[in-house]
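Below: one structure, written as structure tokens.
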Ligand code: SER
């Protein structure tokens, strides 16, 4: 008998860290973790199995299908927005072809099992693309269906994969004679910039938020690559994990959409600096905007409207800005680098 498992791709990334610890340790799910890089040893006890490999490796995915009954897929692997701009075609392969491979794997599993396979997909504020800073200032809180004209490869990839998820969940091979078989139960979250105390993101454009905090906690100066008045929505990592788990657990009939915005608080880079300074006396941040990365952040909304998630499945973040910094980010990041925080509240 094949064992029922939950598959997590991009397991070693920042969302993977929080999610694996929760699913494996607290919920007792059999987690099969997949990542290109070796897994952080701290996560191994929470995993049923770790496989080091590539989501573009068809043979590897084929073996997974033959070995396991995959009940849920959290497809987290991707190349983030800044990194993707250096190698757009490689990013497309990882972000789109990789997702396509996982969607197909999910559908195939659902066919074998005769029941839907849950497919959780993190999308991003990068799926938005506002045409100018003036438009960003006027736009206010963006709803899911507004401003969907991303300017980055990563954003295009995320937006397209939202559509692919809908296609695979509802229309895959719609002209085939036998259309009665089960498919994936595709659910997608558009995350704001995520801030984790445990890990640093690699290659994102909202990274100045987490980087400011991690540098200050290590007593290092930080040159922020956006202007002080640059505003983005953010979320503390435990809330990102909570959102994935809540959306995954929501009754299907309550979901009126496949793609939901979620957010916690919206901050300017200058406001993040003040919070970081309050926590780590002597933190030094200079604002040295990189015109091109700045333009990317200027195309992302200052805030997003997550009322659909609140209405349909009761989304509410645990961490507002005050709690995020005083109860999670500052104490955890200080512990991580063996530093004293000046204040914790
Ligand atoms: N954090 C991501 C990035 O900056 C946006 O989702 O690429």
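Computed from the coordinates by the stated procedures, all read-outs in this text should not be read as laboratory data. Since the model is a prediction, treat every value here as computed from it, not as a measurement. A quick note on method: Cβ atoms are made from the backbone with ideal geometry, for glycine too, and the neighbour counts reach across all protein chains shown.
For this structure, a couple of remarks:
- Simple spin-label estimate for residue 274 and residue 134 gives 2.8 nm between the two label positions (7 Å along the Cα-to-Cβ direction from each Cα).
- Under 11 Å from the residue 27 label point (7 Å along Cα→beta-carbon), backbone N, the range 58-87: 72-74
- Each peptide in 25-32, 6-13, 182-189 receives the mean, over its residues, of other Cβ atoms within 10 Å, and ordering these scores from highest gives 6-13, 182-189, 25-32.
- With R₀ fixed at 22 Å, the C-beta to C-beta distance from residue 143 to residue 171 puts the FRET efficiency at about 0.35.
- Were the residues from residue 104 through residue 2 laid out at 0.36 nm apart, the gain over their Cα-Cα distance would be 34.8 nm.
- Distance histogram in 10 Å bins (all Cα pairs of the chain, percent per bin): 6, 25, 35, 24, 8, 2, 0
- Cα convex hull of the range 159-252 - mean projected area over all directions, nm²: 8.6
- Per residue, the convex hull around the alpha carbon atoms of the range 64-211 comes to 139 Å³.
- Highest mean packing comes first when the peptides 292-299, 232-239 are listed by Cβ atoms within 10 Å, giving 232-239, 292-299.
- Mean separation of Cα contacts under 8 Å, 6 or more apart, over the residue count of the chain: relative contact order %: 18
- Peptides 131-141, 277-287 ranked from most to least packed give 277-287, 131-141, packing being the mean of other C-beta atoms within 10 angstrom over each peptide's residues.
- Between residue 40 and residue 294, the simple label model (points 7 Å from Cα in the Cβ direction) yields a spacing of 3.3 nm.
- Two-site label geometry, residue 284 and residue 86: point separation in nm, points 7 Å out along Cα→Cβ: 2.6
- Net lengthening on full extension, residue 111/residue 254 (0.36 nm per residue, minus Cα-Cα): 49.1 nm
- Within the chain, percent of DSSP bridges classed antiparallel, to nearest 5: 10
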